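Note sheet for the following structure.
The values are calculated or read from the model by the stated rules, or taken from the named source; none is laboratory data. Bear in mind the structure is a predicted one, so any value in this text is a computation, not a measurement. As a convention, Cβ positions derive from the backbone with ideal geometry for all residues, glycine included, and neighbour counts pool all protein chains shown. Accessible surface is based on the protein model in full, side chains and every heavy atom, while ligands, DNA and RNA are left aside. Shrake-Rupley method; radii C 1.70, N 1.55, O 1.52, S 1.80 Å.
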Amino acid sequence: IGGAENSPPAPAAFSVGENETSRQNMPECKVWRNPLNLFRGAEYSRYMWVTGKEPLTYYDMNLSAQDHQTFFTCDTDALRPSDTVMQKAWRERNPQARIKAAYQALELNNDCATAYVLLAEEEATTIVDAEKYFKQALKAGEMIYRKSQNCHSQSPQHEAQLRRDTNVLVYVKRRLAMCARKLGRIREAVKMMRDLMKEFPLLSMLNIHENLLEALLELQAYADVQAVLAKYDDISLPKSAAICYTAALLKARAVSERFSPETASKRGLSTAEINAVEAIHRAVEFNPHVPKYLLEMKSLVLPPEHILKRGDSEAVAYAFFHLQHWKRIEGALNLLHCTWEGTFRMIPYPLEKGHLFYPYPSCTETADRELLPTFHEVSVYPQKELPFFIHFTAGLCSFSAMLALLTHQFPELMVIFAKAVRAQWFCISSGFTY
């Protein structure tokens, strides 16, 4: 469900200092499911109705269709007519055809959980309506899950069915928690997320902890946020912008209210301030696109349904949900503004190797352009700057070509101009002026 393969995610290649002896080869452009992705009908579609702009790319929606077929289908679907209909529904490209198929599945079986999931995601035009559909999906999903648990050891087909029913149940519970968060019932959402993580502890690749972090930040429960980070901000676990920048935010919170660049330049940085600056540098090295969105130097768009870690798509998704938390802590954005660019002085250039993380991937721009809408200006890192001699050579060639063209078109005038320049140069070299 988390966009990973069936095997557990490979640990991130994270180095400390110069003593690292080997680096793990990480997949450069692996696309992950956005843990906080919005609802198609209640949020993405409403944006399109208002602006006339399509917030999702075809590539992003196609990835979601593949996810749904992986999450919600299995080899035993032929045994249940409603599941057979839903198997076809997930492959439909037309939203109305998918919704129609979901209603057909419910006519065959009123307890078809995946049909309610599809209606909640795509037909519901408000979060309240989506929550009603998900509650129906939860009721049906729990019943089917219990049946699958009782007979999962009978055959490999029953085991596959249990995995599918587990996926459905986890997906529904997570989306219900997200509905509660969006409707302002934040403590309820936090409890649902904690219960889900406790019930299915092996599904850490779902990144439910990122939903939990955002909800706890909304509650300003910073001690609980630190407890979650202590578990998931580990050297052996994959990193994300949410993990790195939340850790930086907590460190900044301790010093940002009293921080002043002028005072710091006179007396130097305290230990707490150094820790905060180092945490910001660590976060910026992981994803250098985020600060411009947090500092509102670049405009935000709706986050895509899939993100590329360390890419612009992840930066958009993080800033979309977390900008309010940075604004809430007085001085945090000021500290970020004063320190984030210092990161690039510590990263070796060119980027054959990183400082704290594995080298920055070279293919993020291409993948982000596939994930983000065309009306968004994709952030590129590092900026591809040409050396000075190339600019100089290009300018010299352009100037020579312009002189040749003018000489060809206006030979007499150019002769007069050349004589005047020659006379002026002679006077200057002789120490005289006109």
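Rundown of residues vs (1) hydroxyl-bearing (Ser, Thr, Tyr); (2) farther than 12 Å from Asp83 by Cα; (3) in contact with a strand residue (DSSP E or B) (Cβ under 8 Å, 6 or more places away or on another chain); (4) not in a helix (DSSP H, G or I), yes/no style:
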{"residue": "Ala102", "(1), (2), (3), (4)": "no, no, no, no"}
{"residue": "Asn110", "(1), (2), (3), (4)": "no, no, no, yes"}
{"residue": "Ala115", "(1), (2), (3), (4)": "no, no, no, no"}
{"residue": "Glu122", "(1), (2), (3), (4)": "no, yes, no, no"}
{"residue": "Lys132", "(1), (2), (3), (4)": "no, yes, no, no"}
{"residue": "Gly141", "(1), (2), (3), (4)": "no, yes, no, no"}
{"residue": "Ser148", "(1), (2), (3), (4)": "yes, yes, no, no"}
{"residue": "Leu162", "(1), (2), (3), (4)": "no, yes, no, no"}
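Of (1) free of Cβ contacts under 8 Å to residues at least 60 places away in the same chain; (2) out of contact with any helix residue (DSSP H, G or I) (no Cβ under 8 Å at 6 or more places or on another chain); (3) not β-branched (Val, Ile, Thr), Leu323 satisfies all except one. Which?
Every condition holds for Leu323 apart from (2).
From the list Glu262, Glu305, which residue is among the charged types (D, E, K, R) and open to solvent by less than 10 Å² (accessible area, probe 1.4 Å)?
Selected residue: Glu305, the only one of Glu262, Glu305 that is among the charged types (D, E, K, R) and open to solvent by less than 10 Å² (accessible area, probe 1.4 Å).
Restricting to region 70-100, and then to whatever is open to solvent by 60 Å² or more (accessible area, probe 1.4 Å) and polar (S, T, N, Q), can you tell me which residue is farthest from the chain's Cα centre (by Cα)?
Among those residues, the one meeting the criterion is Gln96.
Listed residues Leu138, Leu119, Leu63; which is in contact with a helix residue (DSSP H, G or I) (Cβ under 8 Å, 6 or more places away or on another chain), in contact (Cβ under 8 Å) with a residue 24 or more places away in the chain and either under 22 Å from Met178 (Cβ atoms) or crowded, with 17+ Cβ neighbours inside 10 Å (or both)?
From the options Leu138, Leu119, Leu63, the qualifying one is Leu138.
In the set Tyr103, Tyr133, which member is crowded, with 21+ Cβ neighbours inside 10 Å and either touching a residue at least 40 places away in the same chain (Cβ under 8 Å) or among the hydroxyl-bearing types (Ser, Thr, Tyr) (or both)? Can you show your working first?
Details: Tyr103 fails: crowded, with 21+ Cβ neighbours inside 10 Å.
Of Tyr103, Tyr133, the one residue that is crowded, with 21+ Cβ neighbours inside 10 Å and either touching a residue at least 40 places away in the same chain (Cβ under 8 Å) or among the hydroxyl-bearing types (Ser, Thr, Tyr) (or both) is Tyr133.
To keep it simple, each residue is scored yes or no on (1) modelled with pLDDT under 70; (2) surrounded by 11 or more Cβ atoms within 10 Å (Cβ to Cβ); (3) assigned to a helix (DSSP H, G or I).
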residue: Thr339; (1), (2), (3): no, yes, yes
residue: Ala367; (1), (2), (3): no, yes, yes
residue: His376; (1), (2), (3): no, yes, no
residue: Leu403; (1), (2), (3): no, yes, yes
residue: Leu413; (1), (2), (3): no, yes, yes
residue: Val421; (1), (2), (3): no, no, yes
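One residue is enough: does region 45-60 have a residue meeting the conditions surrounded by 15 or more Cβ atoms within 10 Å (Cβ to Cβ), of a type in the set (D, E, K, R), assigned to a helix (DSSP H, G or I) and in contact with a helix residue (DSSP H, G or I) (Cβ under 8 Å, 6 or more places away or on another chain)?
yes
Just to be sure I understand the filter: pairs with C-beta atoms under 8 Å, separated by 6 or more residues or on different chains, first member in region 290-304 and charged (D, E, K, R), second member not in a helix (DSSP H, G or I). Which pairs pass?
So the pair list comes out as Lys292/Lys298; Lys292/Ser379; Lys298/Glu377; Lys298/Ser379.
Can you pull out the residues in region 210-227 that are over 17 Å from Phe320 (Cα atoms) and open to solvent by 10 Å² or more (accessible area, probe 1.4 Å)? Even if it seems obvious, please write down each step before you answer.
The initial filter retains those residues of region 210-227 that are over 17 Å from Phe320 (Cα atoms), namely 219-227.
Passing the criteria: Leu219, Gln220, Ala221, Tyr222, Ala223, Asp224, Gln226, Ala227.
Out of curiosity, is Lys182 of a type in the set (D, E, K, R), touching a helix residue (DSSP H, G or I) at 6+ places or on another chain (Cβ under 6 Å) and under 26 Å from Gln69 (Cα atoms)?
Taking the combined requirement at face value, the residue does not satisfy it.
Only one residue in Arg345, Arg267, Arg310 is buried (at least 21 other Cβ atoms within 10 Å of the Cβ), over 22 Å from Leu216 (Cα atoms) and at pLDDT below 90, so which one is that? So that I can check it myself, show each step before the final result.
Details: Arg345 fails: buried (at least 21 other Cβ atoms within 10 Å of the Cβ); Arg267 fails: buried (at least 21 other Cβ atoms within 10 Å of the Cβ).
Checking each option against the conditions leaves just Arg310.
Which of the residues that make up region 175-189 are open to solvent by 30 Å² or more (accessible area, probe 1.4 Å) and over 14 Å from Val128 (Cα atoms)?
Passing the criteria: Arg187, Glu188.
From the set of residues in region 284-302 that are β-branched (Val, Ile, Thr) and more than 12 Å from Leu323 (Cβ to Cβ), which is most open to solvent (accessible area, probe 1.4 Å)?
My answer is Val301.
Tally up the residues in region 378-395 that are modelled with pLDDT of 75 or more and loosely packed, with under 11 Cβ neighbours inside 10 Å, please.
Total meeting the criteria: 1.
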